[in-house]
Amino acid sequence: GDSVTQMEGPVTLSEEAFLTINCTYTATGYPSLFWYVQYPGEGLQLLLKATKADDKGSNKGFEATYRKETTSFHLEKGSVQVSDSAVYFCALNGRGGGADGLTFGKGTHLIIQP
Amino acid sequence: DSGVTQTPKHLITATGQRVTLRCSPRSGDLSVYWYQQSLDQGLQFLIQYYNGEERAKGNILERFSAQQFPDLHSELNLSSLELGDSALYFCASSGAGTGGTEAFFGQGTRLTVV
C-alpha cells in the first residue's frame, strides 16, 4: 500500500539557518503530495502541495518539488524563524484506488532556537 | 480558523464506554474524513464520507463507526473503549471526493480512556 517516510527528529536549528526535511514516498499511480504543519494545540494546516511531477509547491518561504524519479518531496526553507517551530507532516493522496484519505508520514518536530 | 468545527475538544471516559465525536465541515464541503493521531501509530486515516455516503475506509476498527447526515455534519462513534483508543481524533473536510484537493482540518477531539 501507500506509505510516506520522513525524518522524525526532533530537528533543532538556530534562527536563520537553512532547513531541509526529507520525505520519500511509495505509491501506485500518480499521487498528489502535501506538506502539513501542526502548531502546538492546533489542527493540521496545509503548508503547500504539488499535484504532478516536477511541480514546485511554495508558501511562507517554504518550498518542495515533486520528484517522481526519486519519489521524493523534500521540504526546504532558506532562513527559518522561531515561529516556524512546529511538527511538519509529509502526506500523499493516492489516485490509484483504495482508501481515499491522506497517507501521512510520522511527522518531524522542528525546534528553532533564537 | 479552518472552518471545520469539532466537539467536544476534550473527552475523558472509562473503558468499556461509548462516545460520539461530532464534526461540522466547512460550508459547502461534501467530503468529511476522520483521522486518529496517537504517539505510536502517528496519523491514521479512518474513514471518509462523501455527501452522506461512505466513500473509503482506512484503518478503522469494527468497534468504531461513522455517519454523515443530510446537513453534512458527521459523527464518529467509538464503542467498547479500550485504553489504547486514547488519542487525538481529527475531522477534515474538502470540496471534492478525490485527488489533489486540499483537506481542511479541525482542531481535534482529545479522547482519554481511563
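For A:Glu15, the residues whose amide H sits under 5 Å from its own are A:Gln113, ignoring neighbours fewer than 5 places away on the same chain, with H placed 1.01 Å from N. Phi angles across region B:44-52 convert, under the Karplus curve 6.51 cos²θ - 1.76 cosθ + 1.60 with θ = phi - 60°, into 3J(HN,Hα) values of 10, 6, 9, 6, 10, 10, 10, 6, x Hz, Gly and Pro given as x. Between B:Gln44, B:Gln17, B:Gln68, the residue with the greatest mean-square fluctuation in the GNM of chain B (Cα pairs under 10 Å linked by springs) is B:Gln17. Here's how it looks for A:Leu47: its modeled amide H is under 5 Å from those of A:Trp35, A:Tyr36, A:Val37, which are all 5 or more places away or on a different chain. Amide H contacts for A:Asp55 (H built 1.01 Å from N in the peptide plane; partners 5 or more residues away or on another chain; cut-off under 5 Å): A:Tyr66.
Convex hull over the alpha-carbon atoms of chain A: what's its volume per residue in Å³?
Numbers: hull volume 10.3 nm³, N = 114.
It is 90 Å³ per residue.
Our analysis of region B:1-65 gives Rg over Rh at 0.97, with the two radii drawn from alpha carbon positions and Rh computed by the Kirkwood formula. Of all the options A:Lys49, A:Lys60, A:Lys77, the one that moves most in a Gaussian network model of chain A with Cα springs shorter than 10 angstrom is A:Lys60.
Which residue, chosen from B:Tyr49, A:Thr51, B:Ser38, occupies the Cα position most advanced towards the positive end of the dipole of the protein assembly as shown, where the dipole is computed from +1 (Lys, Arg) and -1 (Asp, Glu) charges on Cβ about the Cα centre? Projecting each Cα onto the dipole axis, the largest value belongs to B:Tyr49. From the alpha carbon centroid of region A:47-86 to that of region B:42-114 is 27 Å.
Pair-distance distribution P(r) for region B:3-114, from all Cα-Cα distances in 10 Å bins starting at 0: 16, 51, 28, 5 percent. Can you find, among A:Ile21, A:Ser32, A:Ser83, the residue sitting farthest towards the positive end of the charge dipole of region A:21-99, where Lys and Arg contribute +1 and Asp and Glu -1 at Cβ? Going by the Cα projections, it comes out as A:Ser32. Placing +1 on the Cβ of every Lys and Arg and -1 on the Cβ of every Asp and Glu, with no other charges, gives the protein assembly as shown a dipole of roughly 180 debye about its Cα centre. Mean-square fluctuation check for chain B, GNM, Cα pairs under 10 Å: which of B:Asp29, B:Asp40, B:Asp85 is largest? Comparing B:Asp29, B:Asp40, B:Asp85 in the GNM, the peak value goes to B:Asp40. In order along region A:74-81, the phi-based Karplus estimate (6.51 cos²θ - 1.76 cosθ + 1.60, θ = phi - 60°) of 3J(HN,Hα) comes to 6, 8, 9, 8, x, 8, 7, 10 Hz; Gly and Pro are listed as x. What FRET efficiency comes out for the pair A:Tyr30/B:Ser80, r = Cβ-Cβ distance, R0 = 30 Å, nearest 0.05? So the FRET efficiency works out to roughly 0.15.
Which is the longest stretch in chain B that no exposed loop site breaks, taking sites as GluC sites (Glu not before Pro) with a DSSP loop state and at most 13 other Cβ atoms within 10 Å? Of all site-free stretches, the longest is B:1-61. For region A:17-22, the Karplus equation 6.51 cos²θ - 1.76 cosθ + 1.60, evaluated at θ = phi - 60°, returns couplings of 6, 8, 10, 9, 10, 7 Hz by residue, with Gly and Pro reported as x. Considering Cα pairs under 8 angstrom that are at least six residues apart, work out the relative contact order of chain B and quote it in whole percent. RCO, chain B: 37 percent.
Taking a point 7 Å from the Cα of A:Glu16 along the Cα-to-Cβ direction, none of the residues of region A:45-69 has its backbone N closer than 17 Å to it.
Shape analysis of the protein assembly as shown based on the Cα gyration tensor places the equivalent ellipsoid semi-axes at 29, 21, 16 Å, largest first.
Where a number appears in this text, it was derived from the coordinates with a stated rule and is not lab data. Note that the structure is a prediction, hence the values are computed from the model and not measured. Backbone-built Cβ (ideal geometry, glycine too); neighbour counts: all protein chains shown.
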